[in-house]
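Presented below is the structure to which this report refers.
The values are calculated or read from the model by the stated rules, or taken from the named source; none is laboratory data. The model shown is predicted, which means the values in this text are computed figures rather than measured ones. Please note: Cβ atoms are built from the backbone with ideal geometry, for glycine as well, and neighbour counts cover all protein chains shown. Side chains are part of the model used for accessible areas, which takes the heavy atoms of the whole protein and leaves out ligands, DNA and RNA. Shrake-Rupley method; radii C 1.70, N 1.55, O 1.52, S 1.80 Å.
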Amino acid sequence: MDGVRRRARQADVAKLAGVSQATVSAVINGRGPEAGIPEQTVQRVLEAVRQLGYVANPAARSLRGKRNRLLGVYTFESIFPLDQLDFYHEFLVGIEQQAVADGYDLVLFASTEDLDGRRRVYSDGVNRLALADGSVLLGVEPGSTELARLAAEGYPFVHIGRRTVPGTEVAWVGADYASATRDTVGRLAALGHRRIAYVTGPDRMEVFLDKEAGYRAGCADVGLPELMYVTSQLDPAWVDAAHAGGVTAVLAENEPLARQLVAALGERGLTAPADMSVVVLVTMAESGWSSLRIPRNEMGRGAVKMLTRILAGSDDPGDHQQLLPCGLPEDHMIGPPRA
């Protein structure tokens, strides 16, 4: 029995045309001119496509550049959650709701992982997101190199969360952590707190820098000293030192630090807010915490709206970056300092 002929791949086209697979990808996705590929090279690739009978995935965009009303969703970490209490769940619900409202289908990209577990947009020089008209990207891992490469290729994308990539304008929808943190410091000061500590981990990405900037601005507003603590572990000894230093309120930058702090207070027989006010600068899944209410559903919806505007031809830089307000913490762990 004759063997079944293997379907031609982009790698076969690249070999026959004598070009890189990235060049083949750009040509078959209609981005040859944008990528600066000479017309004779474009024709050579197209001739190789004809000779080999190469057929792109039928869901992909055609050589004429027609759109297929597919939006991609890509994360730099494994964060496609099913649990409604997961932090990322509301982002994805918002993305889905807005895509349905706008008449788009969604495709979830898992991509490939390196040996270190990090995900990559590009595999063998090919943009794996090119199947979709554009993509919404999210995740803590910044992926700055790949964001810059996507932008240089002209691939439409919007990042959920503010991102700064040197030399590149990145479209993003973020939460206004700075203003919310600043207002929280003012609220604590109005209750009588005069030594408000800020505890943070060693990682300093945009989301954390925004919160820190809000804390510093809040302290400046009310004339209080900045008490910054960089640590990955809060224990009873830290609580003892904080009490000895007159700290009566703490802003915890992330959930692990907040949980460690409350546990350490408990080991000393202390509680929040009776002995120390505690604010978490991220949305907590359980009730009973004083935490920022991050507009995750709205951010997911906003990212899709922004992406569809970009796909429609909007090139206004002011339309490509948006901060949404956070809800301020409730009173669960906030109270006046002990007399």
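In the stretch 267-339, what GluC sites (Glu not before Pro) fall in a loop by DSSP, with at most 12 other Cβ atoms inside 10 Å?
Counting only loop positions with at most 12 other Cβ atoms within 10 Å, the GluC sites (Glu not before Pro) in the stretch 267-339 are 286.
Evaluated at 37 °C with a viscosity of 0.692 mPa s, what Stokes-Einstein diffusion coefficient in µm²/s does the stretch 204-339 have when Rh comes from the Kirkwood expression over alpha-carbon pairs? Don't skip to the answer; put the middle values down first.
Working: Rh = 17.0 Å.
Rounded to a whole number, D works out at 193 µm²/s.
Name the GluC sites (Glu not before Pro) in the stretch 162-252 that are in a loop by DSSP and that have at most 16 other C-beta atoms within 10 Å, would you? Spell out each step's value before the answer.
Numbers: sites: 169, 206, 212, 226; in loops: 169, 226.
Sparse-neighbourhood loop GluC sites (Glu not before Pro): 169, 226.
Any idea what angle helix 39-52 forms with the longest principal axis of the chain, computed on alpha-carbon atoms, 0 to 90 degrees, nearest 10?
Between the helix axis and the principal axis of the chain, the angle is about 70 degrees.
Enter the accessible area per residue of the chain (Å², integer; probe 1.4 Å; all protein chains in place).
Computed with neighbouring chains in place, this is 48 Å² per residue.
When the distances between all Cα atoms of the stretch 271-314 are binned every 10 Å from zero, what whole-number percent does each bin get?
Reading upward from the zero bin: 24, 29, 20, 16, 8, 2.
Roll a 1.4 angstrom probe over the protein heavy atoms and tell me the percent of accessible area of the stretch 166-209 that is carbon or sulfur. Present the calculation step by step, with values, prior to reporting the outcome.
Numbers: 940 of 1790 Å².
Here it works out to 53 percent.
Check which residues have an amide H placed less than 5 Å from residue 283's amide H, if you skip close sequence neighbours.
Distant-sequence amide H within range of residue 283: 294.
Once you charge only the Cβ atoms, +1 for Lys and Arg and -1 for Asp and Glu, what is the size of the charge dipole of the stretch 171-275 about its Cα centre, to the nearest 20 debye?
Using only the charged Cβ atoms, the result is roughly 260 debye.
Can you tell me the 0 to 90 degree angle between the C-alpha axis of helix 144-153 and the longest principal axis of the chain, rounded to 10?
40
Once phi is turned into ³J(HN,Hα) by the Karplus curve 6.51 cos²θ - 1.76 cosθ + 1.60 with θ = phi - 60°, what whole-Hz value does each residue of the stretch 287-302 show in order, with x for glycine and proline?
Going residue by residue, I get 7, x, 9, 8, 9, 5, 9, 7, x, 5, 4, 5, 5, x, 5, x Hz, with x marking Gly and Pro.
Tell me, what is the Rg over Rh of the chain, with Rh the Kirkwood radius over Cα pairs? Could the numbers behind the result be given before it?
On the way: Rg = 24.8 Å, Rh = 22.6 Å.
For the chain, the value is 1.10.
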